[in-house]
Amino acid sequence: MGKKSLQYLVFFAILVGGFYIAMVKLTDFEEVKLPVLNTVQPFKFTRQDSLQVTQKDIAGRVYVAEYFFTTCKGICPKMNKNMKAIYDQFKTDSSFMILSHTVNPETDSLPILRHYADSLGAQVENWWFVTGSKSDLYKSARESYLLDDPQNSTKNIDEQFLHTQFFALVDKQGRVRGIYDGIKKEEVSELIEDIQKLIRE
């Protein structure tokens with residue numbers, strides 16, 4: 001091989017190598033930049049251990065929000081089976097937690113929520129099961145987490161029943177960064193990857 005050919009080969013190798021490094025860095029940068037969909041509004045709920053909590057108590061942590069009810073026989077058991085898998089993966093990470101809201105506060109009393117949490121092995125430090133007024137719970141679902149159509153709030157609150165299978169991913173600044181179908185394994189896997197991105201972000 002001639003000297004000139006060798007120079008061209010070295011130049012081409014450097015060019016390809018530089019392009020590869022640039023693409024890897026760009027891809028890594030883009031991976032953690034999930035879109036900002038909304039900002040969580042102030043809230044005040046009561047968790048399973050009877051302690052009142054607000055958005056200030058969760059500040060600085062990545063979390064997943066969901067809505068369910070303890071007597072649900074349909075999608076809720078599937079959702080919380082997947083949520084348990086998420087919890088098990090991140091339960092030792094103090095920068096992550098789960099916020100599960102009841103949609104049926106009339107039935108889901110604090111003792112019932114506590115029993116339900118215990119059945120899943122959920123520790124109150126990083127998995128909250130919360131209740132409050134029905135109107136406040138539903139308002140958060142619609143106006144903060146984007147888990148239901150806000151137009152559904154036009155009906156009398158006593159006639160409303162929110163039943164959603166979607167999870168919302170919230171970053172350390174209290175911003176919603178993704179919505180995921182909680183019963184689809186591929187979307188739950190995507191959620192797990194995105195949780196890891198936001199923890200690093």
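The values are calculated or read from the model by the stated rules, or taken from the named source; none is laboratory data. Predicted model only: the values in this text are computed from it and were never measured. Cβ placement follows ideal geometry from the backbone for every residue including glycine, while neighbour counts extend to all protein chains displayed.
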**Q.** Pairs, first over 13 Å from Gln165 (Cβ atoms) and assigned by TED's automatic domain parsing to the domain that holds His163 in region 180-195, second surrounded by fewer than 16 Cβ atoms within 10 Å (Cβ to Cβ) and of a type in the set (S, T, N, Q), C-beta under 8 Å, six or more apart
**A.** Ile192/Gln89
Q: Can you confirm whether region 146-162 contains a residue that is in contact with a His (Cβ under 8 Å, 6 or more places away or on another chain), in the same structural domain as Glu193 (by TED's automatic domain parsing) and of a type in the set (A, V, I, L, M, F, W, C)?
A: no
Q.
Please count how many residues of region 143-162 are surrounded by 18 or more Cβ atoms within 10 Å (Cβ to Cβ) and charged (D, E, K, R).
A. 1
Q. Of the residues Ser133, Ser140, which is among the small types (Gly, Ala, Ser), in contact (Cβ under 8 Å) with a residue 24 or more places away in the chain and surrounded by fewer than 17 Cβ atoms within 10 Å (Cβ to Cβ)?
A. Ser133
Q: Inspect region 82-93 for any residue being in contact with an Asp or Glu (Cβ under 6 Å, 6 or more places away or on another chain) and closer than 17 Å to Leu169 by Cβ and give the result as yes or no.
A: no
Q.
As an exercise: evaluate Asn126 against (1) within 17 Å of the chain's Cα centre (by Cα); (2) surrounded by 20 or more Cβ atoms within 10 Å (Cβ to Cβ) and give the number of the one condition it does not meet.
A. (2)
Q. Would a scan of region 163-171 turn up a residue that is modelled with pLDDT under 95 and surrounded by fewer than 19 Cβ atoms within 10 Å (Cβ to Cβ)?
A. yes
